[in-house]
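Visitor: First, the structure itself, so that you have it in front of you.
The values are calculated or read from the model by the stated rules, or taken from the named source; none is laboratory data. On a predicted model such as this, the values are computed, not experimentally measured, just so you know. Cβ sites come from the backbone with ideal geometry, for glycine too, and all protein chains shown count toward neighbours. Surface areas here come from the heavy atoms of the whole protein model, side chains and all, with no ligands, DNA or RNA. Shrake-Rupley method; radii C 1.70, N 1.55, O 1.52, S 1.80 Å.
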Amino acid sequence: MVALDAPLISNLEVWANIALVRQYHRNSSGRDAEQEVTQYLRRFHLESIKNKRNSALTDKERFCVMLIRAAMVDQAVVVIDRPAKIMPDMENSQFIYDALEKIDDLFNECYIFDYIWHKDRY
């Protein structure tokens, strides 16, 4: 799930927030998980934020990190809940679609839930 109700863990760096999923579900080592996460961040040209914490991220960076984290589950079904709450300055959904395309090999399905009055963004 990509939602403000499922936030990043504030005392962990970006890479650790994402890697936790692989470490838990696949029993990956920290080193292997970090290398895998770095590859996914590179797809977004965000490898430079790898060691930042949640509070230091922009809204778009936070969205991308949450999206990658959601896709780390095997056979993932990604649910994006009210993306405008995560990225209040979002004018349309193109950023979301571009982000999804960058990791479309990591998930099976994706659903975006938003308020009806935001339908013009999609």
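Visitor: Considering (1) within 19 Å of Cys110 (Cα to Cα); (2) without any contact (Cβ under 8 Å) to a residue 12 or more places away in the chain; (3) not acidic (Asp, Glu), say which one Ser29 fails and leave the rest.
Guide: (1)
Visitor: Sort out which residues of the stretch 44-59 are open to solvent by less than 20 Å² (accessible area, probe 1.4 Å) and either under 18 Å from Leu4 (Cα atoms) or touching a strand residue (DSSP E or B) at 6+ places or on another chain (Cβ under 6 Å) (or both), and write them in order of number.
Guide: Scanning the stretch 44-59 gives a single hit, Leu57.
Visitor: Filter the stretch 11-30 down to the residues that are among the polar types (S, T, N, Q) and more than 17 Å from Thr58 (Cα to Cα) and list them by number.
Guide: Of the stretch 11-30, the ones among the polar types (S, T, N, Q) are 11, 17, 23, 27-29.
Of everything in the stretch 11-30, those that are among the polar types (S, T, N, Q) and more than 17 Å from Thr58 (Cα to Cα) turn out to be Gln23, Asn27, Ser28, Ser29.
Visitor: Of the residues Leu12, Leu8, Leu41, which is more than 17 Å from Asp104 (Cβ to Cβ), open to solvent by less than 40 Å² (accessible area, probe 1.4 Å) and not hydroxyl-bearing (Ser, Thr, Tyr)? Talk me through it step by step, then tell me what you get.
Guide: On the way: Leu12 fails: open to solvent by less than 40 Å² (accessible area, probe 1.4 Å); Leu41 fails: more than 17 Å from Asp104 (Cβ to Cβ).
After ruling out the rest, the residue left standing is Leu8.
Visitor: Let me spell it out: the conditions are (1) without any contact (Cβ under 8 Å) to a residue 24 or more places away in the chain; (2) loosely packed, with under 15 Cβ neighbours inside 10 Å; (3) closer than 14 Å to Ala71 by Cα, and Glu36 meets all of them except one. Which number is the exception?
Guide: All conditions pass for Glu36, except number (2).
Visitor: Just one of (1) touching a residue at least 12 places away in the same chain (Cβ under 8 Å); (2) over 14 Å from Ala3 (Cβ atoms); (3) open to solvent by 60 Å² or more (accessible area, probe 1.4 Å); (4) not in a strand (DSSP E or B) trips up Glu109, so point out which.
Guide: Unmet for Glu109, out of (1) touching a residue at least 12 places away in the same chain (Cβ under 8 Å); (2) over 14 Å from Ala3 (Cβ atoms); (3) open to solvent by 60 Å² or more (accessible area, probe 1.4 Å); (4) not in a strand (DSSP E or B): (4).
Visitor: (1) among the basic types (Lys, Arg); (2) modelled with pLDDT of 95 or more; (3) open to solvent by 40 Å² or more (accessible area, probe 1.4 Å): which one isn't true of Arg26, the others all being true?
Guide: Of (1) among the basic types (Lys, Arg); (2) modelled with pLDDT of 95 or more; (3) open to solvent by 40 Å² or more (accessible area, probe 1.4 Å), only one is false for Arg26: (2).
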